[in-house]
Amino acid sequence: MYKKVELKDGMVGMEKEVLKTWKEKDIIKKNFAMNEAKQYFTFYDGPPTANGKPHVGHIETRVMKDIIPRYKVMKGYKVIRKAGWDTHGLPVELEIEKKLGISGKEQIEEYGVEKFVKECKESVFTYVSMWEEMTNKVGFWLDMENPYITYQNEYIESVWWALKQMWEKGLLYKGHKVMPYCPRCGTALSSHEVAQGYKDVKDLTCIAKFKIEKEDKYILAWTTTPWTLPSNLALCVNKTYEYVEVKANIGTRRRATI
């Protein structure tokens, strides 16, 4: 029989003891120093923006991401686990627009682009201490003392250097792609940025009548996008569906509908 293990301060207390041990014995830095002069393994992790609070979704992804570098270290690879902060993008700008009570490019220019950029730079680290605390608590081992920051010149120049290398190797090409566009912001939007504004709304719909040639009958079509009706060129039916013909206003008109 195994002796029952008593946790004086519960699971949370045990976690704190583990974190304390890691800190006292410098375990994380010792892990970073392992496998010097061995083959490198690079794990690209999209950095978060610290102007928003971490939530349970971030905890889940960070725990899963931590598995791969740990495994590679145990396999003998040298793994650089550098933290980073994403300081670009619309989320940061929108947050500052709300704070200043302005909206759109024109009002940003009236306020002053340089002052606006300064506000954005200060905003991106609003919750950095909260992010660091969460990261340490879940045991996601990252070098958070020397992070890369995407607005710093050395980072920007490294991106241009990488693009130059790809261009010289013929890995870049010019193409066309349909993108969501925000007329208010005056820029294309990524799928992530579009998703940030997603919400369930109640919307009006309409039923359009399409007259059948040479008959006093109509086909009714329901649509949630009535603004497309002027460009409609055809009305399609599905042979696997059942359609019915019904009478409306008996004695004056017959209509066909789904």
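Read the figures in this text as sums done on the coordinates, not as results from a lab. Treat the numbers as computed from the prediction; the structure is a model and nothing was measured. Counting neighbours? That spans all protein chains shown, and the Cβs are built from the backbone with ideal geometry, glycine included.
Observations on the structure shown:
- Cysteines not pairable in the chain (beta carbon separation under 4.7 Å absent): 120, 206, 236
- For the chain, the dipole from Cβ point charges (+1 on Lys and Arg, -1 on Asp and Glu) about the Cα centre works out to 1060 debye, to the nearest 20.
- Fully extending the segment from residue 4 to residue 192 would add 62.8 nm, taking 0.36 nm per residue of separation and subtracting the current Cα-Cα distance.
- Set of lysines near residue 118 by C-alpha distance (under 27 Å), chain-local residues within fewer than 8 positions excluded: 53, 82, 98, 99, 105
- Within the chain, antiparallel bridges make up roughly 70 percent of the DSSP beta bridges whose residues both belong there.
- Helix-only CD estimate at 222 nm, as mean residue ellipticity for the chain, using -39500 (n - 2.57) per DSSP H run (n ≥ 4): -12000 deg cm²/dmol
- Highest-first arrangement of 241-247, 3-9, where packing means the average Cβ count within 10 Å: 241-247, 3-9
- Trypsin sites (Lys or Arg not before Pro) restricted to region 162-242 and DSSP loop, no more than 16 other C-beta within 10 Å: 169, 174, 177, 184, 199, 202, 214, 217, 239
- Net charge in the neighbourhood of residue 130 (other residues with Cβ under 14 Å of its Cβ; Lys, Arg +1, Asp, Glu -1) is +1.
- Cα long-axis angle, helix 90-100 against the chain (0 to 90 degrees, to the nearest 10): 90
- Region 1-71 versus region 206-240: alpha-carbon centroid distance in Å: 59
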